[in-house]
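The values are calculated or read from the model by the stated rules, or taken from the named source; none is laboratory data. Note that this is a predicted model, so its numbers are computed, not measured. Cβ placement follows ideal geometry from the backbone for every residue including glycine, while neighbour counts extend to all protein chains displayed. The accessibility values were calculated without ligands, DNA or RNA, using every heavy atom of the protein model including side chains. Shrake-Rupley method; radii C 1.70, N 1.55, O 1.52, S 1.80 Å.
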Amino acid sequence: MDIAPEPTSKATLRPKLGRDALVAAICGLVVVLMVGASYAAVPFYNWFCRATGFNGTTQVATSAPSSGPLARTIAVRFDSNVAGGLPWKFEPEKTEIEVRIGEVVTVYYTVTNQSARSTTGQAAYNVAPLTVGAYFQKINCFCFTEQTMAPGEKREMPVVFYVDPAIVSDHDNDTLNTITLSYTFYPVRDAQPKPLAASESDQRKGSL
């Protein structure tokens, strides 16, 4: 004669359901933390690069160095690039200059929108060699915001910078003769129109 299985009591089900709910909650929390970490990774990486000069990321300064220029000079080269999909002509007015370490210098890049429509781009930048990023201080730059150009428009964009005198205390750079500052403009899709920069005359007057 078959014996029917005893029914599971409610007291037996409650611990099992409690464990399942706890496991599900832990799994959900792990997923949320992983998603949050992935979103936080990019701004954290950008902050780390700016704070340390890692990967050739330049520093941001608000004023000239208090110690003043040194006698030692260094050559600074200027590189310009435009990514595919952005119909701009982008080039430095000078490809290389000689500067004194600690001297505040203003240089200009020119950009021309070669298309018959408004286009928007944003610049990324770095310096080479990569270890010099911690000593390359930019006071003014066009690379932090989206830049919108009208059809056929041509503009001048200033970069104000200096090489930090602290570099002379870094003996790994005792033989350093040249720094290359490189910009690349990338297209921005569906961007809100923003002015590229002040007019040429305003830029010249405001240069240091």
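Would you point out the residue of the stretch 155-166, among those that are part of a strand (DSSP E or B) and either of a type outside the set (Ser, Thr, Tyr) or closer than 18 Å to Glu93 by Cβ (or both), that is most open to solvent (accessible area, probe 1.4 Å)? My answer is Arg155.
Only one of the numbered conditions (1) assigned to a strand (DSSP E or B); (2) at pLDDT 95 or above is violated by Gly152, and that is (1).
Annotation: of all residues in the stretch 105-135 being at pLDDT 95 or above and β-branched (Val, Ile, Thr), the one that is farthest from Phe185 (Cα to Cα) is Val105.
When the stretch 73-117 is filtered for residues that are part of a strand (DSSP E or B) and of a type in the set (A, V, I, L, M, F, W, C), the ones remaining, listed by number, are Ile74, Ala75, Val76, Phe78, Val82, Trp88, Phe90, Ile97, Val99, Val105, Val107, Val111. Within the stretch 136-145, being outside any strand (DSSP E or B) and either open to solvent by 50 Å² or more (accessible area, probe 1.4 Å) or at pLDDT 95 or above (or both) holds for Phe144, Thr145.
From Gly133, Gly102, which residue is surrounded by 15 or more Cβ atoms within 10 Å (Cβ to Cβ), closer than 27 Å to Asn173 by Cα and either of a type in the set (A, V, I, L, M, F, W, C) or within 14 Å of the chain's Cα centre (by Cα) (or both)?
Numbers: Gly102 fails: either of a type in the set (A, V, I, L, M, F, W, C) or within 14 Å of the chain's Cα centre (by Cα) (or both).
The unique qualifying residue is Gly133.
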